[in-house]
Each structure stands twice: as C-alpha cells, then as structure tokens.
Amino acid sequence: MKMRIAKFIADSGVTSRRGAEQMIARGAVAVNGVVIKTPVHFVEDSDEITIDGKPIKKRADTRVYAFHKPNGTVTTTHDPRGRNTIYDILPQKYRNLRYVGRLDFNTTGLLLMTNDGLLARKLTMPDSNIPRVYLADVSGNNMSKLDKARRGVTIDGIKYRPMKIDVMPDGRLRVTVTEGKKNEVRLVLKYCGLPVRKLHRIMYGPVSLGNIPVGKIIELDEKTIDALMKTSL
C-alpha cells in the first residue's frame, strides 16, 4: 500500500510528520537512491528510504523487548564453556531475537532485544551516545578518585569517556555511560580503587527496567520504541 513519504517517516518513529517535511526540504531524504524534493511523494514497503544516507524501515516491522537478565548467564547464542546463555532461559518464541549490546556473566538488569538487526547495531554504536545507567555495589568507600572517571581516563592504552557518577545514600554508585566499551564500568571503577562487587543496569536510553521480574521479558509499547529509535538516528 502506498503512502506519503512524510507519513512513512513519521510511522517509522524517527520524527513527526512536520519534522519529516523539514528533512525533505533540506534534501536529507532519498527514495531508492534519489533525493526527494517534495513531501507530495508516495512510497511503498518495498522502497528503500534513507535519511542522510541511513536507511529506515516502518516502525510496524520492528519489535523491541526489555529483558531482565539474571546473574550467571552469558549474552550470546552459544557458550563454548557450556555456561547458561540468555537463550537457555528465554521462552522458545523469543529465541530468534537479537540482543542490543551485552551484559557480562555476572552483570544483571536491563537487556534490550529486538527482531531488527539494523536497529540493534545502531543502538550499540559508540557515536550513538545513548546513555546506559548502572547501579554499582563497590568495595571501599574512598570516593575521592571518582573525579578521574568523571573527567575520562585511559587504561592500558584504551580511552574511556567521562562518566556521570552519583553516590547514592546506600553507598552504591549510579553510573551513566554513553559509549558501551567492554566491561568499562568495572574497569574504570577498579582503576579508581573501587572494584565492583555487583553491577546492575537499570536504563538504556529512554527504556527503564522498572519492576520487570528477573528472567522475564516484556514487549515495549509503540511510544517507547519510537523514542528509542529516535536516539539511534
């Protein structure tokens, strides 16, 4: 079924219809490789629509889920060491989903999963700058070195972006990162003299773990998916 290009873009969750018209006006939108100059242009599902060279697809095709990953599971489809993976505990109907980034074996909390591989890649790219929020239970109480992490540090030749770190009333740290390097929270806090005992992710972009029980998975509503997709544009 054909529809106006601005409606297609709005339905994808990228922006509003007025925002789509503004993108078209500045020459950012192309259909099958041809830049569109007017919003009075009709497209169908088989057309490839790009914004600034990045392809988009109808939101109706994309499903995103929030999974509460338990401790002692590997974020992978198969573990050569024989440890439990997230797919071992997910119901069968969810085992074709892609995970968005990873949580390590002993890290719990929010793991996004989707049927859209392109979206999964976009949401994990360092230049997406999507905030991920963790609660860290650490050993030690000397918080004076946390300013190093807040400014950004280099460890073994690897640069880590500045982190937003708040000390909670219960002594845990609320840590916000935007890059998603492997084990970055654990490595940086250890560098600051505060090795992590427990790490728990509570937010990924606009998505919050909320009260989802451990090991359970829920589908996100359209409004939340739209907000998430806008962060990856």
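The values are calculated or read from the model by the stated rules, or taken from the named source; none is laboratory data. Because the structure is predicted, anything quoted here is derived from the model rather than measured. Here the Cβ positions follow ideal geometry from the backbone for every residue, glycine too, while neighbour counts run over all protein chains shown. The accessibility values were calculated without ligands, DNA or RNA, using every heavy atom of the protein model including side chains. Shrake-Rupley method; radii C 1.70, N 1.55, O 1.52, S 1.80 Å.
Here are a few things to note about the model shown:
- FRET efficiency estimate (nearest 0.05) - Cβ-Cβ, residue 3 to residue 28, R0 22 angstrom: 0.70
- Burial ranking of peptide ranges 45-57, 218-230, 173-185 (average Cβ count within 10 Å, highest at the top): 173-185, 218-230, 45-57
- Note on the stretch 12-107: the alpha carbon radius of gyration divided by the globular reference 2.2 N^0.38 Å gives 1.57.
- In terms of overall dimensions, the stretch 112-233 has a Cα radius of gyration and Dmax of 15.4, 43 angstrom.
- Packing here is the average count of other Cβ atoms within 10 Å per residue, and on that basis the peptides 32-42, 202-212, highest first, run 202-212, 32-42.
- Taking the chain and dividing mean pair separation by its residue count, relative contact order in percent (alpha carbons under 8 Å, at least six apart): 22 percent
- Distance between the stretch 1-31 and the stretch 139-173 - C-alpha centres, whole angstrom: 41 Å
- The antiparallel fraction among DSSP beta bridges confined to the chain stands at about 90%.
- Which listed pairs, of 164/230; 69/164; 2/57; 69/198; 93/182, have C-alpha distances above 25 Å, in listed order: 93/182
- Share of pairwise Cα separations in the stretch 160-199, more than 11 Å, in percent: 65 percent
- Whole-percent carbon and sulfur share, accessible surface of the stretch 85-203, 1.4 Å: 50 percent
- Carbon/sulfur fraction of accessible area - the stretch 1-75, other protein chains in place, 1.4 Å, %: 48 percent
- Kirkwood-type hydrodynamic radius, the chain: 19.5 Å, calculated from all non-identical alpha-carbon pairs.
- Summarising the label geometry, the points placed 7 Å from Cα in the beta-carbon direction at residue 37 and residue 93 lie 4.9 nm from one another.
- For the stretch 105-118, 3J(HN,Hα) per residue [Karplus equation, 6.51 cos²θ - 1.76 cosθ + 1.60, θ = phi - 60°, Hz, x = Gly/Pro]: 3, 9, 9, 10, x, 6, 10, 7, 9, 8, 8, 10, x, 5
- The residues of the stretch 17-119 expose on average 52 square angstrom of accessible surface per residue, using a 1.4 Å probe on protein heavy atoms.
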